[in-house]
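Working notes, structure below.
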Amino acid sequence: MFSPWFVASLLLAASPPASPLADIGPAPPTVLVDSSGKPFDLASRKGKVVLVSFVYTTCTGVCPGTTQAMVRVQAALKEAKLWGTAVEFVSISLDPKRDTPEVLSQYARLFGADRAAWHFLTGPPARVDSVINAWGMWVKTVPNGALDHPSRIFLLDPRGHQREIYNLEFLKPDAVLQDIQGLLSER
């Protein structure tokens with residue numbers, strides 16, 4: 001006869017450790033247009049880990065840094081053989097009036113984003129504003145015409161739940177890869 005403690009320790013040893021990331025809640029509905037001009041529904045990415053960012057193409061502040069950091073994460077995911085098969089990225093424009101699908105496509109190319117699994121989204125301004133607000137983001141125009149906004153990158157688990165919110169300072173490939181692997185081990 002085995003003790004309950006012994007059986008419990010065997011069960012814990014047999015199952016992979018769960019991610020230490022909290023479940024913040026489901027991601028808001030996000031239905032926009034991608035850089036190819038095709039409809040895109042974030043819910044269609046369930047089953048994969050998704051990193052969601054908010055940028056705009058004429059930004060001279062955190063957006064280029066965010067996109068460059070995500071390119072470095074993309075490279076780490078490719079090396080780990082997770083890119084596209086288990087992980088995708090979504091970047092939502094904060095400036096839909098200027099960020100047309102064509103402009104977003106050029107922006108993706110400029111940064112070396114692999115659009116097979118990295119989706120740049122835009123749409124009618126009212127719809128994009130609704131998505132921005134649903135994510136708890138904000139954007140405001142400052143006197144020089146630039147857009148002021150926070151740096152937030154959301155990590156979604158395969159169920160479509162928010163599990164981490166990074167800012168540019170904490171968007172380091174090794175740390176993000178570790179978080180993603182933890183989420184994938186929960187399956």
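The values are calculated or read from the model by the stated rules, or taken from the named source; none is laboratory data. What you see is a predicted model; the values in this text were computed from it and never measured. Neighbour counts run over all protein chains shown; Cβ positions are idealised from the backbone, glycine included.
Exactly one residue out of Asp148, Asp157, Asp114 is modelled with pLDDT under 95 and among the acidic types (Asp, Glu): that is Asp148.
Filter the stretch 14-45 for residues that are at pLDDT 95 or above and assigned to a helix (DSSP H, G or I) and give the result. Within the stretch 14-45, Leu42, Ala43, Ser44, Arg45 qualify. Against the conditions (1) closer than 21 Å to Asp157 by Cβ; (2) touching a helix residue (DSSP H, G or I) at 6+ places or on another chain (Cβ under 7 Å); (3) assigned to a loop (DSSP other than H, G, I, E, B), Lys81 satisfies every one except (2).
Of Val73, Val55, Val90, all but one fail to be farther than 24 Å from Arg187 by Cα, at pLDDT 95 or above, under 13 Å from the mean Cα position of the chain (by Cα) and not aromatic (Phe, Trp, Tyr); the exception is Val55. Taking the criterion of being of a type outside the set (A, V, I, L, M, F, W, C) and farther than 14 Å from Phe89 by Cα, the residues of the stretch 167-187 that qualify are Asn167, Glu169, Lys172, Asp174, Gln178, Asp179, Gln181, Gly182, Ser185, Glu186, Arg187. Yes or no: the stretch 46-62 includes at least one residue that is of a type in the set (Val, Ile, Thr), in contact with a strand residue (DSSP E or B) (Cβ under 8 Å, 6 or more places away or on another chain), surrounded by 20 or more Cβ atoms within 10 Å (Cβ to Cβ) and not in a strand (DSSP E or B). Yes, that holds for at least one residue. Go through (1) over 15 Å from the mean Cα position of the chain (by Cα); (2) surrounded by 16 or more Cβ atoms within 10 Å (Cβ to Cβ); (3) not β-branched (Val, Ile, Thr) for Leu177 and report which single condition fails. It is condition (1) that Leu177 fails.
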